[in-house]
Each structure stands twice: as C-alpha cells, then as structure tokens.
Amino acid sequence: MVAVWPLSATASTCHVRIGERILLASVSHDPNVFVWDGRARLVEYAAGRYGSIDNVVRHSVLVKPGTHAIVVMCVPAVVKLRYVVDPYDAVGLKITAGEYRNHWGWVNSDDVHVPRR
C-alpha cells in the first residue's frame, strides 16, 4: 500500500528564500509573534505540545508585529498546527531591528510577510 500525501506536505521548496527580508506579524487575533530558540520547539508548540508555560517563556521571545528580519534557513512543510490540515514551513531567521536585533530563531511561515517593494 502506498501512502498518498497532500501536495503541500511533499513540497520540496519553501515559500520564502534565504536572504529575503521579511516582516513578522501573526494573522491571529494577537499579532505578536513567538520566535523560538529551536525548530523542534516551534514544531512541538504548533502541535499543541509545549509542556508548560515555563517552556514557552524560557525558549521563545515575543516580538511586536512589523519586526524586521532576514531569512537564514527554511524547512518546508514541517509545522503542523493542531487544528489546520495543511502544514507550514519552519523559517529560521535573524531579527534585524528593534528590541531583539541580532536574535536568531524560528517561526511558522504563517507569521512571515514579505514587504511590498
């Protein structure tokens, strides 16, 4: 028997490019964004498995919407939100402005926005 996966789950490319300048903002009711200190923690949190609020506080920073960053890495279709069918990319980034300037971390691609030129 052969497993059939949705196209987005087998996509081999990310929706952003390495070196691309981005803005961070959540599309949820709270536009702030968690920037995680590791990809595995981002994936676990998105799936609803984050252990305790202490883990969230120790392993992420909360950045304001509109925070500038640059993409340094991207892993396609590995973030599977608990109540969403299609997976998102995990985007590794470096924050380039604001309170957390020069901070490195990981976000869900749904929180990544390419500014208009």
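Values quoted throughout were computed directly from the atomic coordinates according to the rules given, and no laboratory measurement underlies them. Since this is a predicted model, take the numbers as computed values, not measurements. Please note: Cβ atoms are built from the backbone with ideal geometry, for glycine as well, and neighbour counts cover all protein chains shown.
Evaluate the following for residue 110: is it loosely packed, with under 12 Cβ neighbours inside 10 Å and acidic (Asp, Glu)?
Working: loosely packed, with under 12 Cβ neighbours inside 10 Å: no; acidic (Asp, Glu): yes.
Here the answer is no, as residue 110 does not meet what is asked.
Of the residues that make up segment 96-107, is at least one closer than 14 Å to residue 21 by Cβ and assigned to a strand (DSSP E or B)?
no
Can you report the number of residues in segment 81-95 which are within 11 Å of residue 22 (Cα to Cα) and touching a His at 6+ places or on another chain (Cβ under 7 Å)?
To start, the set of residues in segment 81-95 that are within 11 Å of residue 22 (Cα to Cα) comprises 91, 93-95.
If we keep only those that are touching a His at 6+ places or on another chain (Cβ under 7 Å) too, we end up with 95.
The total comes to 1.
Within the group 46, 77, 69, which residue is on the phi > 0 side of the Ramachandran plot and either buried (at least 20 other Cβ atoms within 10 Å of the Cβ) or of a type in the set (D, E, K, R) (or both)? Break it down stepwise before answering.
On the way: 46 fails: on the phi > 0 side of the Ramachandran plot; 69 fails: on the phi > 0 side of the Ramachandran plot.
From the options 46, 77, 69, the qualifying one is 77.
Being touching a strand residue (DSSP E or B) at 6+ places or on another chain (Cβ under 8 Å), of a type in the set (Gly, Ala, Ser) and either closer than 19 Å to residue 14 by Cα or not in a strand (DSSP E or B) (or both) is the filter here; which residues of segment 33-78 pass it?
Once the filter is applied, which keeps residues that are touching a strand residue (DSSP E or B) at 6+ places or on another chain (Cβ under 8 Å), of a type in the set (Gly, Ala, Ser) and either closer than 19 Å to residue 14 by Cα or not in a strand (DSSP E or B) (or both), segment 33-78 yields 38, 46, 66, 69, 77.
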